[in-house]
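Here's the structure, in structure tokens; my notes come after.
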Amino acid sequence: MSTTSFGEPAIATLENQVDATPRAPRRKVKRKTWQTVIWFIVLIAVTAVVLYPLVWLLFATFKPNSEFGSNMGLIPNAPTIDNYTKVFEGIAGVPMWRFFLNSFIIAAGSVIGVLLSSSLAAYAFARIQFKGLSVLFAAMIGTLLLPFHVVIIPQYIIFNRLDMIDTFWPLLLPKFLATEAFFVFLLVQFIRQMPRDMDEAARIDGAGHMRIFWSIILPLIKPALITCSIFAFIWAWNDFLGPLLYLTSPENYPLPIALRLYNDQTSVSDYGATVTASFIALIPVLLFFLVFQRFLVDGVATQGLKG
Amino acid sequence: MRQRAVKETVAGYGFLVPWLVGFFGLTLIPMAYSLYLSFTSYNIFSPPKWIGFDNYIRMFTSDPAFIQSAQITLIYVVVGTPITLAAALAVAMLLNYRDKGAGFFRSAFYAPSLIGGSVSVAIVWRAMFASDGPVDNGLSAIGIDLGGWIGNPALVLPAMILLAIWQFGATMVIFLAGLKQIPKELYEAAEMDGAGAWHRFRAVTLPMLSPVIFFNLLLGLIGAFQVFASAYIISNGTGGPAGMTNFITLYLYKRGFSDGQMGYAAAIAWVLLIVVAVIAFILFRTQRSWVHYAGDNR
């Protein structure tokens, strides 16, 4: 068996011993390699199509304005960093960093709100037996399927009455009140998977729910909390409708709404700035994605499977 | 042990305080209020005026913009969602076939679903499908001359549907996780019985995956009804060209917040809610006939 250091011949030899016809397995191996090659090519092609818009965006940020319309291809003819300098100067008297900071405050605040409120609710749904549990749990699942638009008008009226228009409160308060059922649901699924031995032992020792929640459950569900944080951050960062409704003065705009300023004012002549600002708005999301993709992908997978 | 039950109930509601405030204060009561508003004429400045079913009657009898909005939204949902699901399943099966590099592909395909609804992507999409944009140029190169898609009433909806399909990644990830849970023995048994690839797909993959298909279909349909940001950006908030991106949520926004017809907008929101609820209801009712849960012997 001198060929065993190479995978293929070894398999072929093994199969030779089982099979009566010596040539057939060899062909089988060859067919398998070919299948892998085709498989690889197909996937690379899909990847190229899927990622092309993003790559295009990256390259487009280096195109001078005059090239939009004449050269919509990938590579800029006369690369420049003018777009970046222009974007960083800001627009409508507001510097770029301000939009960035607004986005960051809204997104970070959302993460804190979602983590606090959703983990409390999820613990109650998953671990406490109380009267009304099943009705309330069904109601929570119901809000998972509810189109958000059915409440935007009353919510707008409420926040208007509370004098919160043009502040971040209408965007942050709902997160502190666990209105996004996705997170509650994801955490419930996760907590239910955790073995009950530890918290039951703690209960016998006299620990209350707050204590079990804080020192046993929260540390156990850290991966799910990370998943929730990333989603909460990215969704708040990308949110458009909320800020569009509630924020009226440009110095309060987060990036997506600020992008509209670049877009509305000069849809033809300042295409470069629009595209570049779009790219800059995506950078934090893409970075998050690159660093945490494992959590994101697994989070989505868990959510779907135990539904 | 009664005392303990009381204690548990107190603890349960204690933990639920933030959620309960949100559920009643920002969801349930606002829902009831928007139902009330949908029977009124209301512009936020003067008190709502009860007009009965007038908003609903107007919607279906004398508002062609609403009818068109409902039509294009339905086309978007009915065409976009199944294609997205099919693409997601096809790619998931491809990825399930070999492990080599599957992690990389999985992540690359997932990225668009994370940013698909963002303004940035809508802006890119406008450029992609503009006349002389990459798509137009690519198609011209193989002899198909369609011109720009975004300004063309016949092609802007397909461009929007392609944007939805481009975000197949999240659905694909869920399918992939589902595929991994199908026991290999089932395929081996089917192969032993002489089942070909197509037959194995029909007899093993589809039924075993049906709970996941159900889940993805439900969330996909509901999500598709709510598309907003991309339509707003691609049409500069107008819903054009010729109303072909005037999706129901954009129309609702324009009526409520640009024209100040809050009562009418509330009525539109309720029609959307009812349609979504009916679809969810039908899916849940029919699932017994096509969704197979583990341990079921049907």
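Residues in segment B:257-271 that are within 28 Å of B:Leu155 (Cα to Cα) and crowded, with 21+ Cβ neighbours inside 10 Å: how many?
The qualifying residues number 3.
Can you tell me which residue in segment A:158-203 is least open to solvent (accessible area, probe 1.4 Å), limited to those that are part of a loop (DSSP other than H, G, I, E, B) and over 20 Å from A:Phe240 (Cβ atoms)? Break it down stepwise before answering.
Of the residues in segment A:158-203, the ones part of a loop (DSSP other than H, G, I, E, B) are A:162-168, A:177-180, A:194-196.
When the remaining residues are screened for being over 20 Å from A:Phe240 (Cβ atoms), the result is A:162-163, A:177-178, A:194-196.
Numbers: A:Leu162: 96, A:Asp163: 132, A:Leu177: 32, A:Ala178: 4, A:Met194: 32, A:Pro195: 77, A:Arg196: 101 Å².
Only one residue tops the list, namely A:Ala178.
Here is a check on your reading of the model: is B:Leu94 open to solvent by 30 Å² or more (accessible area, probe 1.4 Å) and away from every other protein chain (no Cβ under 11 Å)?
Criteria not met by B:Leu94.
Condition check: modelled with pLDDT under 90, open to solvent by less than 30 Å² (accessible area, probe 1.4 Å) and either under 30 Å from A:Leu186 (Cβ atoms) or within 9 Å of chain A (Cβ to nearest Cβ) (or both). Does B:Ala111 satisfy that?
Judged against the criteria, B:Ala111 is not a match.
Considering only residues that are under 19 Å from B:Met93 (Cα atoms) and among the charged types (D, E, K, R), look in segment B:184-198 and name the one that is nearest to the chain's Cα centre (by Cα).
Step by step, filter segment B:184-198, then rank; the result is B:Lys184.
Taking segment B:170-186, which residues are open to solvent by less than 60 Å² (accessible area, probe 1.4 Å) and either in contact with a helix residue (DSSP H, G or I) (Cβ under 7 Å, 6 or more places away or on another chain) or farther than 30 Å from A:Phe295 by Cα (or both)?
Selection gives B:Ala170, B:Thr171, B:Met172, B:Val173, B:Ile174, B:Phe175, B:Leu176, B:Ala177, B:Gly178, B:Leu179, B:Ile182.
Restricting the search to segment B:257-288, which residues are free of Cβ contacts under 8 Å to residues at least 24 places away in the same chain and within 17 Å of B:Pro64 (Cα to Cα)?
B:Asp259, B:Ala265
Would you pick out the residues in segment B:245-263 that are within 10 Å of chain A (Cβ to nearest Cβ) and of a type in the set (Phe, Trp, Tyr)?
Of everything in segment B:245-263, those that are within 10 Å of chain A (Cβ to nearest Cβ) and of a type in the set (Phe, Trp, Tyr) turn out to be B:Tyr253, B:Phe257.
Tally the residues that are at the interface with another protein chain (Cβ under 7 Å from one of its Cβ atoms), part of a helix (DSSP H, G or I) and closer than 17 Å to A:Trp237 by Cβ, restricting the search to segment B:114-138.
The number of residues fulfilling the criteria is 6.
How about segment A:118-135: which of its residues are of a type in the set (S, T, N, Q) and crowded, with 21+ Cβ neighbours inside 10 Å?
Start the filter on segment A:118-135 by keeping residues that are of a type in the set (S, T, N, Q), which leaves A:118-119, A:129, A:134.
Within segment A:118-135, A:Ser118, A:Ser119 meet the criteria.
The values are calculated or read from the model by the stated rules, or taken from the named source; none is laboratory data. Since the structure is predicted, the reported quantities are computational estimates derived from the model, not experimental observations. With ideal geometry, Cβ positions are generated from the backbone for all residues, glycine too; neighbour counts draw on all protein chains shown. Ligands, DNA and RNA are stripped out before the accessible areas are found, and what is left, the full protein with its side chains, is counted by its heavy atoms. Shrake-Rupley method; radii C 1.70, N 1.55, O 1.52, S 1.80 Å.
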